[in-house]
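The values are calculated or read from the model by the stated rules, or taken from the named source; none is laboratory data. Just so you know, these numbers come straight off a predicted model, no measurement behind them. All Cβ positions, glycine included, derive from the backbone under ideal geometry; neighbour counts span all protein chains shown. Accessible surface is based on the protein model in full, side chains and every heavy atom, while ligands, DNA and RNA are left aside. Shrake-Rupley method; radii C 1.70, N 1.55, O 1.52, S 1.80 Å.
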Amino acid sequence: ASSDANVQELIKEFFHMFAFEVPKMQKTLSVKLGGPIENGRAIHGYSIEDPFNSDYDLCKGLNDNRYKGFQIVKNEFERAYGLLTEGKEAELCQEKKC
């Protein structure tokens, strides 16, 4: 993002990244490094290193196929990105009707 990007654009980029880019990376993200761990293990779904305990994945259990947590979270990131793109920010906090 450019240095003159406004907060709305940064938030939109955040949701785009977690909806579309992070799942394709198949790497663990490090808050400490500000990006993926190059020598980390390949994963399917989301994986975020605990900044205080590098051996712990904050998304542990989210990618468990029994609970479909990954797909639910990914869908919400996609929905938020779509609403921001369409200028419907007011709908972000409304519960999604299934």
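Consider region 16-47. How many of its residues are open to solvent by less than 40 Å² (accessible area, probe 1.4 Å) and under 11 Å from the mean Cα position of the chain (by Cα)?
So the count comes out to 8.
Going by what's in this entry, would ASN53 be described as surrounded by 10 or more Cβ atoms within 10 Å (Cβ to Cβ), without any contact (Cβ under 8 Å) to a residue 60 or more places away in the chain and part of a loop (DSSP other than H, G, I, E, B)? Working first, answer last.
Values: surrounded by 10 or more Cβ atoms within 10 Å (Cβ to Cβ): no; without any contact (Cβ under 8 Å) to a residue 60 or more places away in the chain: yes; part of a loop (DSSP other than H, G, I, E, B): yes.
Spelling it out, it is not the case that ASN53 is surrounded by 10 or more Cβ atoms within 10 Å (Cβ to Cβ), without any contact (Cβ under 8 Å) to a residue 60 or more places away in the chain and part of a loop (DSSP other than H, G, I, E, B).
Inspect region 79-86 for any residue being in a strand (DSSP E or B), surrounded by 18 or more Cβ atoms within 10 Å (Cβ to Cβ), in contact (Cβ under 8 Å) with a residue 12 or more places away in the chain and not basic (Lys, Arg) and give the result as yes or no.
Taking region 79-86 and keeping what is in a strand (DSSP E or B), we get none.
Looking for residues that are in a strand (DSSP E or B), surrounded by 18 or more Cβ atoms within 10 Å (Cβ to Cβ), in contact (Cβ under 8 Å) with a residue 12 or more places away in the chain and not basic (Lys, Arg), one finds none in region 79-86, hence no.
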